Amino acid sequence: MLGEPRSDQDRATTRLYLITPPAFDPDKFAPDLEAALSGGDVACLQLLKDVPDDVVRRATAILQPITQAHDVAFIMNDRPDLAAELGCDGVHVGEEDMPYAEARRLVGPDGIVGVTCGNSRDRAIAAAEAGADYVAFGAFFPSPTKGGAKHRATLDTLRDWSETTVVPCCAIGGITQENCGPLVEAGADFLAVISAIWSHPAGPRAAVAQFNDVFARYDRAYRR
């Protein structure tokens, strides 16, 4: 519950929250997704929006079975109506998207609902108390896909949240294998990543494995 601090022993290992590229051919992307999910632990895949509904339906039909086969949640961005229609595991809503209450109504009590909170603890508290399954803070770094991010989040916000609440938090924005250490140390439960996976020179499988190597190093340090 909110207000219950967690110790280092209580905290879970940070996990990857993958996001699809902003524009892609789902048939060509499917092998990359398969490779990524074979590279190590992944919590979920979020399907980006801003394309016609029929394109979203086709991408979901191709990609969701792959995530299901790997026991990875399939999250729809912004569109709880499509998430419910297509049997997705949940939805993520931004600050200017549909209100949390309406998203929850559409996906039902068992669906995952995450909420973007920028750098606002107040917004995160309101979302968590309303029943959000996780809150997302960011952007933490400049991002090729979210270069115009309205907010810059701080490690203090992330650290304060992780130390005083049990509602999971996700960090987003320009995160790479090289710069993610402070976010893990600050208590991020999930790291949302796009380019560092799909544009990695060694491929998505190696990219996922490298992130999990970083997570494991920090996890071992916490549990000594």
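The values are calculated or read from the model by the stated rules, or taken from the named source; none is laboratory data. All figures in this text were calculated on a predicted structure; none of them were measured in a lab. Cβ placement follows ideal geometry from the backbone for every residue including glycine, while neighbour counts extend to all protein chains displayed.
Tell me yes or no: at least one residue of region 71-79 is over 28 Å from residue 177 (Cβ atoms) and not polar (S, T, N, Q). If you could, list the steps in order and put the result at the bottom.
Taking region 71-79 first, the residues over 28 Å from residue 177 (Cβ atoms) are 79.
After this cut, where a residue has to be not polar (S, T, N, Q) as well, the list is 79.
There is at least one residue in region 71-79 that is over 28 Å from residue 177 (Cβ atoms) and not polar (S, T, N, Q).
Restricting attention to region 161-184, the residues that are surrounded by fewer than 16 Cβ atoms within 10 Å (Cβ to Cβ) and either at pLDDT 95 or above or in contact with a Ser or Thr (Cβ under 6 Å, 6 or more places away or on another chain) (or both) total 4.
Among the residues of region 71-81, are any small (Gly, Ala, Ser) and outside any strand (DSSP E or B)? Checked region 71-81: no residue is small (Gly, Ala, Ser) and outside any strand (DSSP E or B).
Taking first residues from region 157-171 that are at positive phi and partners that are surrounded by fewer than 20 Cβ atoms within 10 Å (Cβ to Cβ) and hydroxyl-bearing (Ser, Thr, Tyr), no Cβ contact under 7 Å between residues at least 6 apart in sequence or on separate chains turns up.
Summed over region 1-59, the residues that are surrounded by 12 or more Cβ atoms within 10 Å (Cβ to Cβ), at pLDDT below 95 and among the polar types (S, T, N, Q) give a count of 1. Among the conditions (1) in contact (Cβ under 8 Å) with a residue 60 or more places away in the chain; (2) touching a Lys or Arg at 6+ places or on another chain (Cβ under 9 Å); (3) on the phi < 0 side of the Ramachandran plot, residue 185 misses just one, which is (1).
Being more than 19 Å from residue 43 (Cβ to Cβ), surrounded by fewer than 19 Cβ atoms within 10 Å (Cβ to Cβ), without any contact (Cβ under 8 Å) to a residue 40 or more places away in the chain and in contact with a Leu (Cβ under 6 Å, 6 or more places away or on another chain) holds for only one residue in 84, 101, 130, and it is 84. Put simply, of 62, 112, 75 the only residue that is modelled with pLDDT of 95 or more, surrounded by fewer than 18 Cβ atoms within 10 Å (Cβ to Cβ) and among the β-branched types (Val, Ile, Thr) is 62. In a residue-by-residue description of region 26-41, the property of being basic (Lys, Arg) and part of a strand (DSSP E or B) applies to no position.
Looking only at residues in region 203-224 that are in a loop (DSSP other than H, G, I, E, B) and of a type in the set (Lys, Arg), the one that is modelled with the lowest pLDDT is 223.
Output the number of the condition that residue 68 fails; it satisfies all remaining conditions of (1) assigned to a loop (DSSP other than H, G, I, E, B); (2) surrounded by fewer than 18 Cβ atoms within 10 Å (Cβ to Cβ); (3) without any contact (Cβ under 8 Å) to a residue 24 or more places away in the chain. The failed condition is (1). Scanning region 151-210 for residues that are of a type in the set (Lys, Arg) and farther than 20 Å from residue 34 by Cα yields a count of 2.
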